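**Q** Got a structure here, written out as structure tokens. Questions coming.
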Amino acid sequence: MKKTLIFSFAALVLISACNSLDEDPKAFISSTNFYKTTEDADAAVIAIHNAINSSTHTLYNRLIQISTEMATDDYEAGPRARNAHVRALSNLTHDASNDRMIELWRQSYDGINRANVAIDNIGKNPNLNSQKDKDLINEAKFLRALLYFNLVRWFGDVPLVLHETTVLSSEVINVSNTPEAEVYTQIENDLIDAEALPVVQQNKGRVTAGAAKSILAKVYLTEKKWQKAAEKSKEIIDSKVYDLFENYADVFNVATKNGKEHIFSAQFKGLTNWNGNMLASTAAPTSVPGIAGDQADALHKEGGLFEAFAETDKRKYITFAVEFVSPTDGKTYKVTPHFNKYFDPATPTSPGQSSKNTPIIRFAEVLLIYAEALNEQNNGPTPEAYAAVDRVRTRAGIPLLAETSPALSQDDFREAVFEERRKELVYEYQRWFDLARRGSDYFVAKLKAAGKTNAQPKHVHFPIPQRELDLNPNLKQVPAWRQ
């Protein structure tokens, strides 16, 4: 925590003085020249974006995938994953010394600190009072909320730090855990403020009012505030600002980046000084065996992720590749199912330089949030809930629930929505969060059914890194991880 919280933005952060997320974030601005103009304030907010996806293994450039997604029923460490910490997460033998947990914690609080510095310094400068400056503060609040939303779901009670750390006293640095409910209240408040952002931003990749509303709907859903989740997601749907692409592949095509379905995405531009999307190079097995036959109950007999897709599902062979054309000899080779969603044909020999964005929230998920919230609010699915799910299924080319299962119970409809989320949002950093929010019994059952027999109730959270506990005597470990 000490090293995390005492970062001084003006002295330590490499930032971009441009106003586009596609530029090279190298320029250094000293503290003596900083926060004098709106351009300075804009650069400070861009630096928050850079904290989450500007280089290899940052939060939205594969770190979440090799940490949290690795600990789900849909992913396991393959032969190329030689890092003991990654393999431990896959096997659910990880502990508080795991270096992926250290990075999740460190990078999240680094981004939060950058947001706090921007919010404090833009807000206290009387010369920075234009609408653009106000928008920048709200954009920083959105990014802070997103980072805290991840942290509270991973670690439970986490320190809530809302201002720049400028004093090195132990009273300031050694921050205690904040109850989850208080963290969620702050997340909600930040996102409500961010709803005042423009509906459309001139520069692609910047935060909009729709992004704030969509993440807020997801926060309400996670908190089981069903009515608020339904109302907020319906605001997005009724706004007509967003819609589904007709072709699922267009969600991930470079030519259609930041299109009508994309509400907020991690931005990547390959083959430049700005690193590409490392998820495109993921080649580890994606078909966890699962338990088959008489050993599997009705809830868990679906087996691996690849097999869960119907052969007619249009998403199947966009999400996965079972053959590839060699850039060396031009021949087509058959392979076991490999993750393919972010592979960029423009960089066949350097997949880690993919220019494909990673969606953080998109319209298809808003539809599924709406369907789930209505089902819970009304103790069973409504026609509107069926219609929302079936918009997603129509594009996938699979039978509509309203036609094949028109009288599902609340429990069965819930499971249908979760399975739709599983297939629609593969490796968009959703699966671990979905399993965990269903509770420890569901989480453990799903992972054990996938052959991960080490799954325990404590795995619905990750352990706070031991390094942070050693540095901060006021910080307490997640209760289930205390020995």
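**Q** Could you sort out which of K132/K204; K225/K341; K334/K356; K257/K446; K257/K423 sit more than 26 Å apart by Cα distance in this structure?
**A** Over 26 Å Cα-Cα: K225/K341; K257/K446.
**Q** Full-extension gain between S97 and D329, please, as 0.36 nm times their residue separation minus the C-alpha to C-alpha distance.
**A** Additional length available on full extension: 79.0 nm.
**Q** Further question on the same structure: Give me the orientation-averaged projected area of the Cα convex hull of the stretch 72-114, in nm², one decimal.
**A** Average of the hull's projected areas for the stretch 72-114 equals 3.8 nm².
**Q** Assuming R0 = 41 Å, what is the FRET efficiency of N189 and D250, from their Cβ-Cβ distance, to the nearest 0.05?
**A** 0.70
**Q** Round to the nearest 10 and give me the degree value, 0 to 90, for the angle of helix 383-396's Cα axis relative to the longest principal axis of the chain.
**A** 80
**Q** If you don't mind, there's one more thing I want to ask. In whole percent, and with a 1.4 Å probe on the protein chains, what portion of the accessible area of the chain is carbon and sulfur?
**A** 52
**Q** Over the stretch 80-125, give the accessible area per residue in Å² for a 1.4 Å probe, as an integer.
**A** Result: 36 Å² of accessible area for each residue.
**Q** Stick to Cα atoms and the Kirkwood definition of Rh, then tell me Rg/Rh for the chain.
**A** My calculation puts Rg/Rh at 0.95.
**Q** Also, I was wondering about something else. Pop out the ³J(HN,Hα) list for the stretch 36-49 in order, Karplus 6.51 cos²θ - 1.76 cosθ + 1.60 with θ = phi - 60°, rounded to Hz; leave Gly and Pro as x.
**A** Per residue, the Karplus-derived 3J(HN,Hα) values read 9, 9, 5, 5, 5, 4, 5, 4, 5, 6, 4, 4, 5, 4 Hz.
**Q** Once the Cα atoms of helix 226-239 and of the chain are each reduced to a long axis, what angle between those two axes, in degrees from 0 to 90 to the nearest 10, is obtained?
**A** 90
**Q** Which percent of Cα-Cα pairs in the stretch 333-375 sits in each 10 Å bin, short to long?
**A** Histogramming the stretch 333-375 at 10 Å steps yields 22, 32, 24, 18, 4 percent.
**Q** Moving on to the next point. Classify the stretch 74-159 from the C-alpha gyration tensor, please: rounded if a/c falls under 1.5, else prolate or oblate depending on whether a/b exceeds b/c.
**A** Judged from the Cα gyration tensor, the stretch 74-159 comes out prolate (a/c at least 1.5, a/b above b/c).
**Q** Sticking with this structure for a sec: Can you give the convex hull volume of the alpha carbon atoms of the stretch 343-483 per residue, in Å³?
**A** 190
**Q** Oh, and also: How far apart, in nm, are the 7 Å Cα→Cβ label points at N127 and V199?
**A** 3.5
**Q** Still on this structure: For T382, T453, give me the order by solvent-accessible area with a 1.4 Å probe, most accessible first, ignoring ligands, DNA and RNA.
**A** Order by accessible area, largest first: T453, T382.
**Q** Something else: Mind listing the long-range amide H neighbours of A266? Cut-off is under 5 Å, sequence gap 5 or more, other chains count too, H placed in the peptide plane at 1.01 Å from N.
**A** Counting only residues 5 or more places away or on other chains, the set is T358, I360.
**Q** Nearest 10 degrees, 0 to 90: what angle lies between the long axis of helix 131-155 and the longest principal axis of the chain (Cα atoms)?
**A** 50
**Q** If Lys and Arg each add +1 and Asp and Glu each add -1, what is the summed charge of the other residues whose beta carbon sits under 14 Å from the beta carbon of Q353?
**A** That sum, taken over residues with Cβ under 14 Å, equals +2.
**Q** Once ligands and nucleic acids are excluded and a 1.4 Å probe is used, how much of T185 is accessible, expressed in Å² to the nearest 10?
**A** Counting only protein heavy atoms, the figure is 70 Å².
**Q** Starting from the Cα-Cα distance between E419 and A480, subtract it from 0.36 nm times their residue separation and give me the gain in nm to one decimal.
**A** Result for the pair: 19.2 nm of gain on full extension.
**Q** Compare the peptides 342-348, 471-477 by average per-residue count of other Cβ atoms within 10 angstrom and give them in order, highest first.
**A** Sorting 342-348, 471-477 by mean packing, highest first, produces 342-348, 471-477.
**Q** For the chain, calculate the relative contact order in percent as a whole number, restricting contacts to Cα pairs under 8 Å that are 6 or more residues apart.
**A** With pairs under 8 Å counted, the relative contact order is 18 percent.
**Q** In Å², and per residue, what accessible area does the stretch 351-483 have when probed at 1.4 Å with the other protein chains present?
**A** The answer is 35 Å² per residue.
The values are calculated or read from the model by the stated rules, or taken from the named source; none is laboratory data. Computed from a predicted structure; not experimentally measured. Using ideal geometry, Cβ is built from the backbone for each residue, glycine included, and neighbour counts are taken over all protein chains shown. Protein only, heavy atoms only, side chains kept; ligands, DNA and RNA dropped before computing areas. Shrake-Rupley method; radii C 1.70, N 1.55, O 1.52, S 1.80 Å.
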